[in-house]
Ligand SMILES: C[S@@+](CC[C@H](N)C(=O)[O-])C[C@H]1O[C@@H](n2cnc3c(N)ncnc32)[C@H](O)[C@@H]1O
């Protein structure tokens, strides 16, 4: 209760950013000190395919890990392996079926900002598809999802069969999907929970996200505590031509996974493409 109160106070007093002094330095590194041109030289399509199908050789893993230890900026897609396996610290697909407050806030925002029922909408990190299912029930007809966890996509077929039949799903890493997707492919791209925060800054996830989105990026984002790779997210969106159009902070619920035993608050952030 007192933690909750402190965080609320922090939210009010710190304004736009929830940056603690402890992670400020890491945010500077994450935003400004990565050499993203290296990505295409180090990470091949074949490497992404092998991460996705869990077919990396131990030598390949060893070499990549060695370079990652030596150079903080070394491009890496190996992080996603834990999700490909389908049971990262007990975060199995069945933990992402139920709807919580932040899920409703997300769906309301997507529905509000979508121009029509036909708007082309992407769920980045859709897992078992609880948000796709809700949007399908709200009458959205042009829904897409991408996730690395094949067991979650399989589970969607049993859990939400009608939605599964109606949406377009891709089993891929964000890095693989975003790199090949054409510019302005989607009207709205949304993401719930720790998804883009899990992508190592050597891959410019915000630049790609903004490139493929015509109008709005809608995020339920944990701004408090433990960003795996802290960055100045707002600045990165601004740099890529999107401004914060709408924000709800904090939403007030926990992450919604049964194994969350620490306090994590979510924010709703809606970024809109600048209109020239
Ligand atoms: C914290 S879960 C959130 C799931 C979903 N957004 C929800 O709230 O129901 C993170 C999701 O991102 C996916 N993921 C993490 N890193 C990924 C990557 N590099 N490429 C594709 N999917 C990834 C995981 O498989 C998992 O489904």
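Once you wrap a convex hull around the alpha carbon atoms of the stretch 72-113, what is its projected area averaged over all directions, in nm²?
Reported value for the Cα convex hull: 5.2 nm².
Only helical DSSP H runs with n ≥ 4 go in: add -39500 (n - 2.57) per run for the chain, normalise by residue count and round the 222 nm mean residue ellipticity to 500 deg cm²/dmol.
When only DSSP H runs of four or more count, the value is -11500 deg cm²/dmol.
Between 190, 88, 216, which gets the highest mean-square fluctuation from a Gaussian network model of the chain, Cα cutoff 10 Å?
Of 190, 88, 216, the most mobile in the Gaussian network model is 88.
Which residues among the stretch 187-226 fall inside the zone where the amide N is under 18 Å from a point 7 Å beyond the Cα of residue 29, along Cα→Cβ?
The answer is 197-204, 225-226.
In the stretch 40-59, whose amide N lies under 13 Å from the spot 7 Å out along Cα-to-Cβ of residue 228? List them in ranges.
It comes to no residues whatsoever.
When the label point is put 7 Å from the Cα of residue 99 along its Cα-to-beta-carbon vector, which residues of the stretch 122-151 have a backbone N closer than 14 Å?
129-140
When you have a sec, figure out the Kirkwood radius of the chain from all distinct Cα pair distances and drop it here in Å to one decimal?
19.3
For the chain, modelled as a GNM with alpha-carbon contacts under 10 angstrom, which of 58, 183, 191 fluctuates the most?
58
If you rank 210, 247, 126 by fewest surrounding Cβ atoms within 10 Å, what's the result?
Taking fewest neighbouring Cβ atoms as first place, the list is 247, 210, 126.
Report the relative contact order of the chain, percent, no decimals, based on alpha-carbon pairs under 8 angstrom and at least 6 residues apart.
Value for the chain: 20 percent.
For residue 67 and residue 89 in the same chain, what is the full-extension length gain: residue separation times 0.36 nm, less their Cα-Cα distance, in nm?
Here the answer is 5.4 nm.
Let me know the Kirkwood hydrodynamic radius for the stretch 62-170, please, with Cα pairs as the basis and the value in Å to one decimal.
Mean inverse Cα-Cα distance, inverted, gives 15.3 Å.
Computed from the coordinates by the stated procedures, all read-outs in this text should not be read as laboratory data. Predicted model, so just to flag it, every value in this text is computed and none were measured. Reconstructed Cβ throughout: ideal geometry from the backbone, glycine too, with neighbour counts over all protein chains shown.
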